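Let me begin by presenting the structure, written as structure tokens, before commenting on it.
Values in this text are rule-based calculations from the coordinates and carry no lab data. Computed from a predicted structure; not experimentally measured. Ideal geometry is used to build each Cβ from the backbone, glycine not excepted, and the neighbour counts take in all protein chains shown.
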Amino acid sequence: MKKNIKEEVYKCSKCGLCQSVCPIYIATKNEMYLSRGRYIVLNNFYNNNKPLTKEFIKNSDICLNCNECKRFCPSGIDMREILTRIKFENNFKYSALSFPYIYKIILNILRIFKIIYKCFPLKSIFLNTFIDSLFDIKVTKKRQNRNETNENVVYFEGCVNKYINPSDKNASVNLLNKLGYNVINVNSNCCGLPYLSDGNINEFNKNSKRIVSSIPENTKYIVCSCNSCFDTLNKIPELKDKIITIDEIIKMHALNVEHNDNAVFFKPVSTERICYLPSEMNIINKKGTCSLMENYFLLKYPKIAKQILKNNFYKKQELDNKIIVTSCNLTLVGLKRCISIINSNAKVYTYAEYVNLLTK
């Protein structure tokens, strides 16, 4: 595996095209956070047969995982994959988010705090903070099953839906029931993205086995409403033939959705797949913004994240009175924070929430 990393690193021509698209480099001007800079240092380590330093391994976590550098790289080098393997091979000091029990404790604390936040007048205290962005969430009520068929589907809720935004799960289940599917409830805590981002491959594999064992044999589809969950679960071979996104289900059934001229779709930069957009919805895609939450960068490195938002996000007048729709639940959290920083009145919905809203 180490030899493969060497071969990838040697492909770098030092052209510097990644410099113009890396949000972290634009914000910090630090070459050590740039793909080219990292390749130069890695070359030096490998050519002199020296082990990677603790500082370099630690800095490998300062990455948005947006993979913009790969898209602009003439050699197609995948920095995201290289950093994941470096963390795994060099005993990266995992964050609390990468340990399942600590991660669940953190999420449960957030869930309890959310209840307190809703029951007591705390909004004025946390106004325009990340807490306010996180918990200012609409609630979609879950409706009873309708038009059940013999086709069983599993809805994979993921940790954000389970602990922070159950509204997206309710909206997704409503849509699936409306289309005639029988939705099976399984214990689907986390897709494994935190483990993968931290290079904790062993825990990712354990988590994958838990997910596979929880899926009933008579399941036709495993439905995701979150793009991050879909991309992560797609790395599990046993699930590839059944995994599908909620927008693909909507497209498959040609569900009629009303048109709203103020609605725009925010495409996550971390994925290359285009979400099915009902009613010719416009697309917003701006580099390095929505992936601020993909590996919890906004929580780990708030100073760098805030500078990236200042550099890359939209102006208030561009978003005011808009409805922003996104296909990633982590992106939803990041967008709420972005909008609060620029003090916009734009509303943010997940794809399932928005479609469910317009198909009542």
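Numbers at a glance
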item: Likely footprinting exposure, 259, 253, fewest C-beta neighbours within 10 Å first; result: 259, 253
item: Sorted peptide list for 185-194, 22-31, criterion being average Cβ within 10 angstrom, highest first; result: 185-194, 22-31
item: Set of the range 44-70 residues, backbone N closer than 12 Å to the point 7 Å along the Cα-Cβ line of residue 93; result: 54-59
item: Sequence ranges 168-178, 341-351, 297-307, ranked by mean other-Cβ count within 10 angstrom, highest first; result: 168-178, 341-351, 297-307
item: Residue 328 long-range amide H proximity, modeled H, under 5 Å; result: 227, 351
item: Label-point separation, residue 242 to residue 152 (7 Å along Cα→Cβ), nm; result: 0.9
item: Gained length - residue 109 relative to residue 47, 0.36 nm times residue gap less alpha-carbon distance; result: 17.6 nm
item: Extended-chain gain in nm, criterion 0.36 nm per residue less alpha-carbon gap, residue 78 and residue 17; result: 20.6 nm
item: Protection proxy ranking of 44-52, 204-212 - average other beta-carbon atoms within 10 Å, highest first; result: 204-212, 44-52
item: Spin-label model distance (nm) - residue 56 vs residue 260, 7 Å beyond Cα toward Cβ; result: 4.9
item: Residues residue 206 and residue 185, FRET efficiency given R0 of 25 Å [Cβ-Cβ distance, rounded to 0.05]; result: 0.70
item: Charge context of residue 58, other residues only, Cβ under 14 angstrom, K/R +1, D/E -1; result: +2
item: Over 27 Å (Cα to Cα) - which of 178/242; 240/347; 240/300; 206/347 fall in this group; result: 240/347; 240/300; 206/347
